[in-house]
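Enquirer: Have a look at the structure that comes next, please.
The values are calculated or read from the model by the stated rules, or taken from the named source; none is laboratory data. Keep in mind it's a predicted model, so treat the numbers as computed, not measured. Ideal geometry is used to build each Cβ from the backbone, glycine not excepted, and the neighbour counts take in all protein chains shown.
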Amino acid sequence: MSKLLIANWKSHKTHAGLLSWWDEFMRDFQLKEGNLLAIAAPFTLLGELKKIIEPIENIKLAAQTVSPFPMGSYTGEINAQQLSELGVKYVIVGHSERRRYFHETDELVADQVREVLAAGMTPVLCVDEGYIESQAQALDDDALAHCVIAYEPLAAIGSGVAADVGSVAAVVKTIRSVYGSQVPVLYGGSVTPENVGEYVLVCDGALVGGASLDGATAAQICSALVA
Ligand code: PGA
């Protein structure tokens, strides 16, 4: 079964950082046929990244958030139509850091999901254990059926302590019972080249933060799925 890896660079990297990352990454990059890597770079780097990844079919562009509003007078916002025009395929919405630091609510996230879908892209909806049902409630079944869900336990994000694979498998089951049996589910939280292989046995891929910031490590994460 094909797997999706998403590198979430968060608010890291400048232009020079992108170029040196790419240099290191390409030295060892390999991806099993059918698998995809999406790179969620900061908005400022998406245009350059688009040019760089263009010849490589299994690497896609992703964004880390999006305006909950359509095009209009919303100072500072980047809307879904603008991302789609740039070639973005996946948009992360509802990341716990957005909910925590930017006070994004379930309703706002639901608006983002609708905007992303209307622009022809795929929302990567982040959910947390304990809120799986409530976070789904603001969305209709049709929208849910077109999302990729990322399960990211708070304690595992950036902590170096990844969640137990058995507990991830149980939560994936719950997610599918709420969001639809066919919905792709990713695991996120301290994923490394060493542990990614275990997670993809119980879900459809991984959302990788810290370990994706280093080009060589990001390539190793992709290679770990080649076997
Ligand atoms: P981490 O971050 O891999 O650094 O734990 C994951 C995420 O927040 O998406």
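Enquirer: Which of the residues spanning segment 160-188 are exposed (fewer than 13 other Cβ atoms within 10 Å of the Cβ) and either outside any helix (DSSP H, G or I) or in contact with a strand residue (DSSP E or B) (Cβ under 7 Å, 6 or more places away or on another chain) (or both)?
Expert: Answer for segment 160-188, where residues must be exposed (fewer than 13 other Cβ atoms within 10 Å of the Cβ) and either outside any helix (DSSP H, G or I) or in contact with a strand residue (DSSP E or B) (Cβ under 7 Å, 6 or more places away or on another chain) (or both): 160, 161, 164, 181, 182.
Enquirer: Among the residues of segment 198-227, how many are part of a loop (DSSP other than H, G, I, E, B) and within 25 Å of residue 18 (Cα to Cα)?
Expert: First pass over segment 198-227, keeping only residues part of a loop (DSSP other than H, G, I, E, B): 203-204, 209, 213-214, 224-227.
Remaining after also requiring within 25 Å of residue 18 (Cα to Cα): 209, 213-214, 224-226.
Residues meeting the conditions: 6.
Enquirer: Tally up the residues in segment 1-34 that are under 22 Å from residue 196 (Cβ atoms), in a loop (DSSP other than H, G, I, E, B) and either hydrophobic (A, V, I, L, M, F, W, C) or at pLDDT 95 or above (or both), please.
Expert: 8
Enquirer: Suppose we keep only residues that are farther than 16 Å from residue 223 by Cα and of a type in the set (Gly, Ala, Ser) within segment 15-39. Which one would you say is surrounded by the fewest Cβ atoms within 10 Å (Cβ to Cβ)?
Expert: Among those that are farther than 16 Å from residue 223 by Cα and of a type in the set (Gly, Ala, Ser), it is 16.
Enquirer: Restrict the check to segment 193-209 and report whether at least one residue is over 30 Å from residue 13 (Cα atoms) and surrounded by 14 or more Cβ atoms within 10 Å (Cβ to Cβ).
Expert: Yes: one or more hits.
Enquirer: Name the residue, out of 109, 113, that is within 16 Å of the ligand (Cβ to nearest atom), part of a helix (DSSP H, G or I) and under 17 Å from the mean Cα position of the chain (by Cα).
Expert: Result: 109 is the single residue among 109, 113 that is within 16 Å of the ligand (Cβ to nearest atom), part of a helix (DSSP H, G or I) and under 17 Å from the mean Cα position of the chain (by Cα).
Enquirer: Further question on the same structure: Return the pairs, sorted by first residue and then second, in which the second residue is away from the ligand (no atom under 16 Å from the Cβ) and among the basic types (Lys, Arg), the first residue lies in segment 69-97 and is in contact (Cβ under 8 Å) with a residue 24 or more places away in the chain and over 30 Å from residue 153 (Cβ atoms), the beta carbons are less than 6 Å apart, and the residues are 6+ apart or on different chains.
Expert: If the second residue must be away from the ligand (no atom under 16 Å from the Cβ) and among the basic types (Lys, Arg), the pairs left are 87/50.
Enquirer: Of the numbered conditions (1) small (Gly, Ala, Ser); (2) in contact (Cβ under 8 Å) with a residue 40 or more places away in the chain; (3) more than 16 Å from the ligand (Cβ to nearest atom), residue 206 fails exactly one; give the number of that condition.
Expert: The single condition residue 206 does not satisfy is (3).
Enquirer: I would also like to ask the following. Considering segment 140-159 alone, what residues qualify as being more than 11 Å from the ligand (Cβ to nearest atom), assigned to a loop (DSSP other than H, G, I, E, B) and surrounded by fewer than 22 Cβ atoms within 10 Å (Cβ to Cβ)?
Expert: 140, 146
Enquirer: Would segment 60-80 turn up any residue that is more than 16 Å from the ligand (Cβ to nearest atom), at pLDDT below 95, among the hydrophobic types (A, V, I, L, M, F, W, C) and surrounded by 16 or more Cβ atoms within 10 Å (Cβ to Cβ)?
Expert: No, segment 60-80 has no match at all.
Enquirer: Go over the candidates 131, 90, 101 one by one and state the one that is surrounded by fewer than 17 Cβ atoms within 10 Å (Cβ to Cβ), within 17 Å of residue 185 (Cα to Cα) and of a type in the set (Phe, Trp, Tyr).
Expert: Within the list 131, 90, 101, the selection yields 131.
Enquirer: Could you look through segment 116-139, keep only residues that are assigned to a helix (DSSP H, G or I), touching a strand residue (DSSP E or B) at 6+ places or on another chain (Cβ under 8 Å) and at pLDDT 95 or above, and pick out the one that is farthest from the ligand (Cβ to nearest atom)?
Expert: Top of the filtered list is 117.
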